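All remarks here apply to the structure that follows.
The values are calculated or read from the model by the stated rules, or taken from the named source; none is laboratory data. For clarity, every value in this text was computed on a predicted model and none was experimentally measured. As a convention, Cβ positions derive from the backbone with ideal geometry for all residues, glycine included, and neighbour counts pool all protein chains shown. Just the protein is used for accessible areas: all its heavy atoms, side chains included, with ligands, DNA and RNA removed. Shrake-Rupley method; radii C 1.70, N 1.55, O 1.52, S 1.80 Å.
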Amino acid sequence: MALVVICGQPCSGKSKTALSLSEALSESVSESESESKQTVKIISETSFHLDRNQSYANMPNEKNLRGVIRSEVDRSLTKDNIVIVDSLNSIKGYRYELWCLARAAGIRYCVLFCDVEGTHCRKWNEERRERGEASYDDKIFDDLSSRFERPDRRNRWDSPLFELWPHKDGVEKSSAAINDAVLYLTKKVDSKTRDVKILQPTIATQSGKFSEANSLYELDRATQEVINALVEAQSQALGGPLNGVSLGQGLPTVNISRSIGLPELRRLRRTFIKLTGQTSLSGRPPPSDAESAKRMFVDYLNRELGTH
């Protein structure tokens, strides 16, 4: 039903905001029998049992964390779910990616911004450390603070924007910004509603999702058929020499001259699928039909096996 992105500096009250919003939403949902199927889910680093210092220790770790959260958000978005992303969400490009997920799902979207000055965030971080609670190392805290990109309501991926000031006003489920967000997220929408926007998937996002899923299915099925054919051919040869394995008319021959075990074939298949997926992110999409997938896989096998 909706995706809520919580953002703010490290130690700015985001987790308390997420929890307060979740409680307020749950109470609002339970009061409406017609919406009884709806659930509220918080996705955060702690939900994956990840250490915040390790997760932000370097750029590869940070990118991996964002990828894990983004994937979980994508899996969790349904017409019956309100998903709250409790993380830094400090990079505007990443908030745009989350907005795209909401648009593809055809649901509501908003951003809750915990606006706290850096000096107060630093003090809260130090107090947490003294109490033995989860906190950031000073170096990581400084790095994250310097790279924070404030949300701007003029950007579609930062709108609508609900702002809280945890240091000045505290955070409660009755806070004005949380009340406004709950109203926006749960308000009934009809032809007269003007203040609630439900994102609409574009033709590109819909066909793209279908094409990607279809391509992965064809790739998985076609490469497995090639593996099965190679295993069968070697079995029939009874350990004897192979001058190549034909996969059918119109397809290239797999040029193998030695026995190749199933574990090695499976490893090559996994690597090929991974490489094909990476290529599709920056270039042409993966093959959408079985014949093309088989041809690409055979070419890959001939290159790899030719090096032995």
What FRET efficiency do you get for Lys41 and Leu275 if R0 is 45 Å and r is their Cβ-Cβ distance, rounded to the nearest 0.05? 0.85
With θ set to phi - 60° and the Karplus curve 6.51 cos²θ - 1.76 cosθ + 1.60, what are the ³J(HN,Hα) couplings of the range 60-72 in order, to the nearest whole Hz, using x for Gly and Pro? x, 5, 5, 5, 5, 4, 4, x, 5, 5, 4, 5, 5
Accessible area in square angstrom per residue, the range 39-176, 1.4 angstrom probe: 52 Å²
Highest-first arrangement of 80-90, 222-232, where packing means the average Cβ count within 10 Å: 80-90, 222-232
For Glu291 and Asn58 in one chain, what is 0.36 nm times their gap in residues minus the Cα-Cα distance, to one decimal in nm? 79.7 nm
Solvent accessible area, Å² - Val116, 1.4 Å probe, full protein context: 10 Å²
Which of Leu88, Val68, Ser175 sits closest to the plus end of the dipole of the range 2-186, meaning its Cα is farthest towards the positive end, when Lys and Arg get +1 and Asp and Glu get -1 on the C-beta? Val68
Most packed first (mean Cβ within 10 Å per residue), the peptides 180-187, 165-172, 9-16, 148-155 order as 9-16, 180-187, 165-172, 148-155
Mind checking which lysines have their C-alpha under 19 Å from Lys188, skipping anything on the same chain fewer than 8 residues away? Lys37, Lys79, Lys197
